[in-house]
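Right, one structure below, let's go through it.
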Amino acid sequence: MRGRQQRLDPRALILALIAAAIAAFALVYIGTKNAPESTARGGGAIGGPFALADQNGRAVSDADFRGSLMLVYFGYSFCPDVCPLALTTMGSAIDKLGDKGRDVVPIFITVDPERDTVPKLKEYAARFHPRLVALTGTPDSIAAAAKAYRVYSAKHEEPGSPYSMDHSSVIYLMGRDGKYLAHFDQSMSADAMAAEIGKIL
């Protein structure tokens, strides 16, 4: 004898689906809340090792800055406006921090190693802040650093004009252990940036 077929109650089915959806949302939410800020925002870590040369020709790696906060900006010295504004803001924010500002290292990494040689960066860095570290390197080493920081850059050429570089314009704040803490938009004022950094110092 066959068993009697049971009918599904539509209301019970709807309630079961809602309960499953809530459970799935809770798992995603808890996982995101417990993830490091860098992974929660973008699905992967920002920052990483680099091996470059500073404006004095000295070999420099990310490990040289352990124990200090780093303000890291990628750009190029031939940039007409965005890069100078970002570097000026970085320097002003550090100065506004007073004595605490000594624990913050401003770092400029070129995305244009073809033109941004060591002598060129020495001249360029002197325009902004006395402690600005300007870094260059081989195309491969620059590409590796940019990739680690998720920085986009591309050469833009027009007939009859020197090429320019399209690039991301983000100022990264890295911790004393070299790990990502926050990032700032180029439009942020020096006062606002100093206030945010001061909360961490």
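A few notes on this one:
- A134 being crowded, with 17+ Cβ neighbours inside 10 Å and in a strand (DSSP E or B): yes
- Of residues in segment 145-162 being within 15 Å of the chain's Cα centre (by Cα) and open to solvent by 60 Å² or more (accessible area, probe 1.4 Å), the one nearest to Y76 (Cα to Cα): Y152
- Search result, residues across segment 41-80 that are among the hydroxyl-bearing types (S, T, Y) and touching a helix residue (DSSP H, G or I) at 6+ places or on another chain (Cβ under 6 Å): S68, Y73, S77
- Any hit, segment 109-120, residues being open to solvent by less than 40 Å² (accessible area, probe 1.4 Å) and either assigned to a strand (DSSP E or B) or farther than 20 Å from S164 by Cα (or both): yes
- Filtered residues of segment 48-89 (kept if open to solvent by 30 Å² or more (accessible area, probe 1.4 Å) and aromatic (F, W, Y)): F78
- Looking only at segment 169-179, residues that are more than 15 Å from D64 (Cβ to Cβ) and open to solvent by 20 Å² or more (accessible area, probe 1.4 Å) come to 3 in all.
The values are calculated or read from the model by the stated rules, or taken from the named source; none is laboratory data. Since the model is a prediction, treat every value here as computed from it, not as a measurement. Neighbour counts are summed over all protein chains in view; Cβ atoms, including those assigned to glycine, are modelled from backbone coordinates with ideal geometry. These accessible areas exclude ligands, DNA and RNA; they are computed on the full protein's heavy atoms, side chains included. Shrake-Rupley method; radii C 1.70, N 1.55, O 1.52, S 1.80 Å.
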